[in-house]
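Note sheet for the following structure.
The values are calculated or read from the model by the stated rules, or taken from the named source; none is laboratory data. Since the model is a prediction, treat every value here as computed from it, not as a measurement. Cβ: placed from backbone, ideal geometry, glycine included. Neighbour counts: every protein chain shown.
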Amino acid sequence: AMILVINGPNLNMLGRREPEIYGRQTLEDILENLEALADEYNIRLQSFQSNAEFEIIERIHMAMDEGTDYIIINPAAFTHTSVAIRDALATVKIPFIEVHLSNIHQREPFRSHSYFSDLADGIIAGLGAKGYELALHAAADKIL
Ligand code: DQA
């Protein structure tokens, strides 16, 4: 089984980026931890981070050819803007969980709307890095 973790723009800056909102762990820390967890499930974990919308779209297309079973995605700011990434997920029809470190409903009103939530199997927001772990447990449950 194979899971792809996608992180959108500015998440490469985790740890240094508004730590009071996004926490002190780097993306590397988070992914290292996820890989260990995936190992326990015998799941292959792939990860991808990009600040560019088209790269995320193309990575999602590639996932279809690779036989990816599940996607965990934090679209970051594209959550609130990208019909194109939403359409890519609808195109490949790979089930996914939407993750946000912060509680997007507790912040500026423009963060409350997501172009992804109605297509997602589930949404996790506001639980920090732990949200990715919870998503992996839930995804494992669905695909194993
Ligand atoms: C985020 C929330 C988004 O509103 C923001 O643009 C991000 C990160 C989160 O993980 O809390 O970049 O997706």
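Conditions (1) surrounded by 24 or more Cβ atoms within 10 Å (Cβ to Cβ); (2) over 20 Å from Gly128 (Cβ atoms), marked per residue:
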site: Met62; (1), (2): no, yes
site: Asp69; (1), (2): no, yes
site: Pro75; (1), (2): yes, no
site: His80; (1), (2): no, no
site: Ile85; (1), (2): no, yes
site: Thr91; (1), (2): no, yes
site: Ile94; (1), (2): no, yes
site: Ser102; (1), (2): no, no
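When the stretch 92-144 is filtered for residues that are of a type in the set (Asp, Glu) and under 14 Å from Ile72 (Cα atoms), the ones remaining, listed by number, are Glu98, Asp121, Glu133, Asp141. Given the criteria among the hydroxyl-bearing types (Ser, Thr, Tyr), modelled with pLDDT of 95 or more and within 19 Å of Tyr22 (Cβ to Cβ), does Ser47 qualify? Yes; evaluated as a whole, the condition is true for this residue. Annotation: Thr91 fulfils all but one of (1) among the polar types (S, T, N, Q); (2) in a helix (DSSP H, G or I); (3) within 15 Å of the ligand (Cβ to nearest atom); the unmet one is (3).
Evaluation of Asn10 against the conditions (1) free of Cβ contacts under 8 Å to residues at least 60 places away in the same chain; (2) surrounded by fewer than 18 Cβ atoms within 10 Å (Cβ to Cβ); (3) within 13 Å of the ligand (Cβ to nearest atom); (4) not β-branched (Val, Ile, Thr) shows that the sole unmet condition is (1).
Quick check on Ala38: is it at pLDDT 95 or above, surrounded by 16 or more Cβ atoms within 10 Å (Cβ to Cβ) and within 20 Å of Gly15 (Cβ to Cβ)? Against the criterion (at pLDDT 95 or above, surrounded by 16 or more Cβ atoms within 10 Å (Cβ to Cβ) and within 20 Å of Gly15 (Cβ to Cβ)), Ala38 does not qualify. Against the test of being at pLDDT 95 or above, in a helix (DSSP H, G or I), within 16 Å of the ligand (Cβ to nearest atom) and within 14 Å of Asn7 (Cβ to Cβ), the options Ile73, Ile60, Ile56 yield a single qualifying residue, Ile56. Mind listing just one residue for me: the one in the stretch 14-30 that is within 15 Å of the chain's Cα centre (by Cα) and among the aliphatic types (A, V, I, L, M) and, of those, surrounded by the fewest Cβ atoms within 10 Å (Cβ to Cβ)? Checking each candidate, the answer is Leu27.
State whether one or more residues within the stretch 117-124 are modelled with pLDDT of 95 or more, under 20 Å from Asn12 (Cβ atoms), in contact with a Leu (Cβ under 6 Å, 6 or more places away or on another chain) and within 12 Å of the ligand (Cβ to nearest atom). Looking for residues that are modelled with pLDDT of 95 or more, under 20 Å from Asn12 (Cβ atoms), in contact with a Leu (Cβ under 6 Å, 6 or more places away or on another chain) and within 12 Å of the ligand (Cβ to nearest atom), one finds none in the stretch 117-124, hence no. The set of residues in the stretch 20-37 being polar (S, T, N, Q) and not in a loop (DSSP other than H, G, I, E, B) consists of Asn33 alone.
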